[in-house]
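Single-structure report; data block below.
Derivation of every value follows stated rules applied to the coordinates shown; laboratory data play no part. In this text, all values refer to a predicted model and were calculated from it rather than measured experimentally. All Cβ positions, glycine included, derive from the backbone under ideal geometry; neighbour counts span all protein chains shown.
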Amino acid sequence: MRKLIILGLMAATVIPGVAMAQSRGEVRDSERHLRQEQRQLRDAERYGDHRDVRDARRDVRDARQELREDWRDYRKSHRDVYRGGNWRAPFRYNRWDVGAQLRPTYYSPRYYIADPYRYHLPRPGANLQWVRHYNDVLLVNVRTGRVVQVHRGFFW
């Protein structure tokens with residue numbers, strides 16, 4: 001009985017990771033399915049009659065809807081994983097521009113983006129760090145506090 005409980009607890013901790021990994025696979029499958037439906041629509045437009053075209057368009061529309069739903073589910077399930085916690089700072093939102101000087105509390109290590117490659121951000125240079133400020137991403141020189149680059153609305 002005790003082994004059964006332990007196995008159940010182990011499975012409960014492993015399943016969320018597996019579910020997240022599968023959701024990206026579902027998105028890939030939906031993208032593949034949409035491409036296949038689009039090819040069939042092109043073939044129907046070339047060689048089929050109006051009923052074939054109508055059916056193929058409906059299939060493409062359904063495949064697009066499925067892809068949108070899969071992306072929405074994927075983003076929803078991974079939002080907290082990528083966010084890494086509460087990014088809402090204890091200070092109010094400021095719209096920073098390139099060249100602005102930040103106080104150290106605005107670019108403390110708590111707000112660093114640890115893995116910029118995940119977000120397809122370029123590698124920061126020496127003394128530079130990608131920092132999240134609400135939904136914006138700032139490239140900050142951590143020695144001087146100067147903003148080098150700004151991406152507004154990056155996360156939404």
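Remarks
- H151-R57 FRET efficiency (beta carbon distance; Förster radius 41 Å; 0.05 resolution): 0.65
- Computed packing ranks the peptides 127-139, 44-56 as 127-139, 44-56, most packed first, by mean other Cβ atoms within 10 Å.
- Residues whose placed amide H lies under 5 Å from that of I113, excluding near-sequence neighbours: W130, V131, R132
- With a Förster radius of 25 Å applied to the C-beta separation of R39 and Q65, the computed FRET efficiency comes to 0.85.
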